[in-house]
Amino acid sequence: MADEEIEILQSIYGTDLVVGRNTGQNWSDIVLSMKIVPILSKSKCVTSVRTVIELSEQYPKVPPKVYLREPRGFDENNLNILERKVEQHIEKNSEMHILYDIFQMVKDFLLDEQNVPCSFCPICLNKFKDGTTIICTPQCSHYIHSHCFARYVDHWRGQVAAELNQWPLDMRSKVDQVLKCPVCREPIDQNELSEIKKVPINLNNDDDDEFNFNWEEWKKKLKELQVLLDHQKAKGGLIDPEEERKRFLIGVESVSSHHVQFSLKPYRVTLLNIYL
């Protein structure tokens, strides 16, 4: 029975495993959700993914549905590889109790093949490399180069200071002074920021100089887009906001260029004498 298997999983994973019901049409479906990380780290800069498993009443005869959500430190290619491995395991073990196997497979993948974040820094858009200092936002678990984050914080402080100078003292509370994640805009409180500050930061990092852009590929792409743009214009599928605005704009020249005549028709006024 699925209930017995779920009880075993709860005894293994404790509060990390969340058990609920599907909020969609099938209220009878059981939903298991757990954020999986390969190891426990004080810096929390490890790859992670939330694994969600939906079970119908006919499980294990009906295979479970597995979703990999909130991937952190993944690139799209590695995420697709993990999804295919999970699907293949489900197909090979049809009508079997495999919930623990699925969670463990995801954890092993993170530990063996994806233990270092391989995505891009959202600020400089460069890949993370071995030996580069990386920080991780506490609440949303987004990875950023430490030196990029330091520059981001300095820029944010400068913006806040500039906005505060534009407001009188009694109205400065209107200025948003909360630091937010550069990816998802999740607020980062001061306690979390102090923890991030403990990570050593090298502002003289040379990663920025290694950015290479393929101009030839970009020019080729521009030509393809130009053909599409011309085709859309010919079909009338594009609207120029400036031209549309001018269509309904009435200026002094347009009024004076037309002879506007007003005819004043006489009105007959009849006075009624009312005798009281």
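Read the figures in this text as sums done on the coordinates, not as results from a lab. Every value quoted in this text rests on a predicted model; they were computed, and no experiment measured them. Reconstructed Cβ throughout: ideal geometry from the backbone, glycine too, with neighbour counts over all protein chains shown.
Structure notes:
- Applying the criteria of a DSSP loop state and at most 16 other Cβ atoms within 10 Å to the trypsin sites (Lys or Arg not before Pro) of segment 131-188 yields Arg185.
- Cα gyration tensor shape for segment 1-112, rounded if a/c is under 1.5, else prolate or oblate: prolate
- Given Lys92/Lys127; Lys127/Lys180; Lys85/Lys219; Lys85/Lys127; Lys61/Lys85; Lys127/Lys220, the pairs whose alpha carbons are separated by over 29 Å: Lys92/Lys127; Lys85/Lys219
- Its relative contact order, with pairs defined as Cα atoms under 8 Å and 6+ residues apart, puts segment 141-196 at 23 percent.
- On full extension, the segment bounded by Glu57 and Glu76 gains 3.6 nm, given 0.36 nm per residue less the C-alpha separation.
- Virtual spin-label span in nm between Met96 and Lys219, 7 Å along Cα→Cβ: 5.7
- Considering only alpha-carbon pairs that sit under 8 angstrom and 6 or more positions apart, the relative contact order computed for segment 56-112 is 44 percent.
- Extending 7 Å from Cα along the Cβ direction at Lys174 and again at Val160 yields two label points whose distance is 1.9 nm.
- Ranked Met96, Met34, criterion: other C-beta atoms within 10 Å, fewest first: Met96, Met34
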